[in-house]
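The values are calculated or read from the model by the stated rules, or taken from the named source; none is laboratory data. Note that the coordinates shown come from a computational prediction; the quantities given were computed from them, not determined experimentally. Counting neighbours? That spans all protein chains shown, and the Cβs are built from the backbone with ideal geometry, glycine included. Note: areas computed on protein heavy atoms with side chains; ligands, DNA, RNA excluded. Shrake-Rupley method; radii C 1.70, N 1.55, O 1.52, S 1.80 Å.
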Amino acid sequence: MKLKVICFILFCCFQGFTQDSIATIHEINIDNLPPNQIKKYWLKMTNNGIAQPIVIPIIIAKGNSSSPVLGLTAAIHGNELNGIPIIQQLIDGIDIKALNGTILAIPGLNSISIPLHQRRFIDNEDINRSFPGKTSGNRSQQFAWQINQKILPKINFLVDMHTASFGRINTLYVRADIKKPQILKMALLQDADIILNSKGPSSGDVNENSRTLRAEAMLKGIPTITVEYGNPQVYQSDFIERGKRGIENIMRWLKMTASPIPNHEKAILCSSSFWIYTKNGGYLDVFPELNQNVKAGDLIATLRNPFGDVLEEYYAPQDGIVIGKSTNPINMTGGRILHLGIPAD
């Protein structure tokens, strides 16, 4: 057994797969990289509590030219993992000699929270609500500032990859400002179930100190979409394959590859959406399935107490389609029931 382990370690060393063989950099300089190569780096962001560097994985696939640069960011929330294998499989399938432009991919943006199996950053803040960040702010704000300064200025187009959070599941859907033609085109190419019209923030109010990564990128003039690929803390092969196809379609549209754009499924366009919440706490049973159309007045959930008595029955307030839903039966007052999309006329 020991001999097998030693042989595997030696094999990895000869193949260049050791962690130590990956250089740590402090900035990204695509123009200085040789063409037709795929480079892997650790990008230094901040420091931890014992003065060690906190790094994130960077993959740069540079083809015959530096531009356009397509940015791919996965797991800004540490439990949203499906984007990571999408990036890995995309890079594995690239013909680097035939690539025009550059892929700048980050398969794990929140490197602190991913190994901790948690959504938020170490200070329990949401990095995706911390943009533009601050040079002298809290830990999340300084980390967001590094993303803002070191990554966003390097890219021309961005796909920000997410999933549902703990206790919820999602369809494959895109958040996009569909009034902008380039962004609408990126969304339509994603092989998605639903496209949700959304200008920038994913939810809630946005101000100068709490923008999302997508909102920040768009303020910089970078056409950006947020894609939600299913469920948290898992790899889902169907979502991964569809996600990879969606990125490849964008590459074809940008003429980064020569192959034509294949036929793809047409998504349902929603002009708006909202979550429905519980009015009491208890054990929740949500009935509709993802992508199911519901009519106003349809029973969508039942809430019971520990004795099985029905406390509340919830009904669809209007016609719509189920974008996401709660899967956690335990819900206190104000818990999420389902995310209802309102189809455009």
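Residue 88 fulfils the conditions (1) in contact with a Leu (Cβ under 9 Å, 6 or more places away or on another chain); (2) surrounded by fewer than 23 Cβ atoms within 10 Å (Cβ to Cβ); (3) within 15 Å of residue 39 (Cα to Cα) except for a single criterion, (1). Of the residues examined, residue 95 is not one that is closer than 30 Å to residue 36 by Cα, assigned to a loop (DSSP other than H, G, I, E, B) and modelled with pLDDT under 95. Examine the range 292-314 for a residue that is farther than 23 Å from residue 233 by Cα, under 26 Å from the mean Cα position of the chain (by Cα) and open to solvent by 40 Å² or more (accessible area, probe 1.4 Å), and state whether such a residue exists. Within the range 292-314, one or more residues are farther than 23 Å from residue 233 by Cα, under 26 Å from the mean Cα position of the chain (by Cα) and open to solvent by 40 Å² or more (accessible area, probe 1.4 Å). Taken residue by residue, the range 214-229 has at least one member that is open to solvent by less than 40 Å² (accessible area, probe 1.4 Å), within 28 Å of residue 184 (Cα to Cα), in a loop (DSSP other than H, G, I, E, B) and in contact (Cβ under 8 Å) with a residue 12 or more places away in the chain. For the range 237-246, the count of residues that are touching a strand residue (DSSP E or B) at 6+ places or on another chain (Cβ under 7 Å), assigned to a helix (DSSP H, G or I), open to solvent by less than 60 Å² (accessible area, probe 1.4 Å) and of a type in the set (Phe, Trp, Tyr) is nonzero. Considered as a group, the residues in the range 247-288 that are in a strand (DSSP E or B), touching an Asp or Glu at 6+ places or on another chain (Cβ under 8 Å) and open to solvent by 50 Å² or more (accessible area, probe 1.4 Å) include one that is nearest to residue 223 (Cα to Cα), and that residue is 271.
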